[in-house]
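Data first, discussion second: the structure below is written as structure tokens.
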Amino acid sequence: MTYASIIQVYLIKSDKSEKAYSGWTCGGVIVSPEYIVTAAACIEDVQYLYAIAGYKKYVPSTDVDNDKCTKEMKKKIVYTCVPKSYQFDYGNVGKWSAIDIGVVKVESPYNFDDNRYQEICSYKPNKININYDPKYQEPGVDALVMGWGHLEKWRQPGDDTIYTQTEPRYASTQILNKKKCKDIYADFPDLQVIIDKYMICTNEWGNINADGDQISTIKPTAEGCSALRYGNDHGGPLITWIGGHEVLIGVASVFRVNANSQCEGPYLFTSTQCNGAFLYCVLNSDKRRKNSICDQSPRTRGFDMVHRRISWANHPDGPAENEVVKIRPQIPIGIFAQAKSRKSS
């Protein structure tokens, strides 16, 4: 188990969700006790979601109440936020990949010291810091991509086969020059500006392992080439190391698919640094200083936000923790009468 593993989560829909997607899964990463960063595309058209943390096993939504860990430790998503300019259109990659980043809030804060995670799940979860410095997304920077998705195959629309892996995997990679990246995506003209403004590209083999340690720079054989990126891992984290500590630098968004339905690079990740103001404003909404960029008009700061609060009050799975009314126990009126009698005597 590595630190890179414990900051990961996966999102699954409630099996009673109105959207009947089979095998629907998205990645994410814990950035505070209450908040998870993921892709905007993951949270735009599926309303009722669960976050699974501290568990290396993938459990589909249909079995979430049959597994002890997910039954007891899953958390309902009660709030989502995406940039207002984001447009979800599955058939138009240029639209849904623009500013493809979002934040979700869980029903109650994670307790990173909760021993139940080790007893019935896999490990205690933890949070990761967010990178806001452009130098850590420059070409040649080593990084790690993580997730539960298939090793190489993209699931076509109408294919109900679940390709998600049973355990999380990681791949070492390196950040690619944006000019080279855009040249390869030249057949997607709508992506050119998006890559420049919001994205990180990867397409090279990296030189670090899951602990951030240097590994052999010898290129792997063709048999291992499928490990660079996983399909069905939208929202998964791209991380690097700063001073020996892991930081989040991107969120998985776009990859190419060849004629054999195999995923291929370059792989595009929405940059945390390029969307730093958005992330800062969402994650610090209750502790901002006066005159911060978050208090400026959307036109001035360059973006607006779409906030959505999700109520589980009438959902078949029951209300979220933050919706449960805590009723004070009733004290029989006779007790007050007895106390008053003793006081008067």
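Every read-out reported here was derived from the displayed coordinates using simple, explicitly stated rules and does not represent laboratory data. Computed from a prediction, not measured in an experiment: that's the story for all the values here. In this analysis, Cβ positions are derived from the backbone assuming ideal geometry, glycine residues included, and neighbour counts consider all displayed protein chains.
Couple of notes before you dig in:
- Exceeding the 23 Å Cα-Cα cut-off - candidates LYS74/LYS124; LYS84/LYS127; LYS84/LYS178: LYS84/LYS127; LYS84/LYS178
- Coil-residue chymotrypsin sites (Phe, Trp or Tyr not before Pro) of segment 21-80, DSSP, other Cβ within 10 Å capped at 16: TYR21
- A Förster radius of 25 Å combined with the Cβ-Cβ distance from ARG309 to PHE188 puts the calculated FRET efficiency at roughly 0.15.
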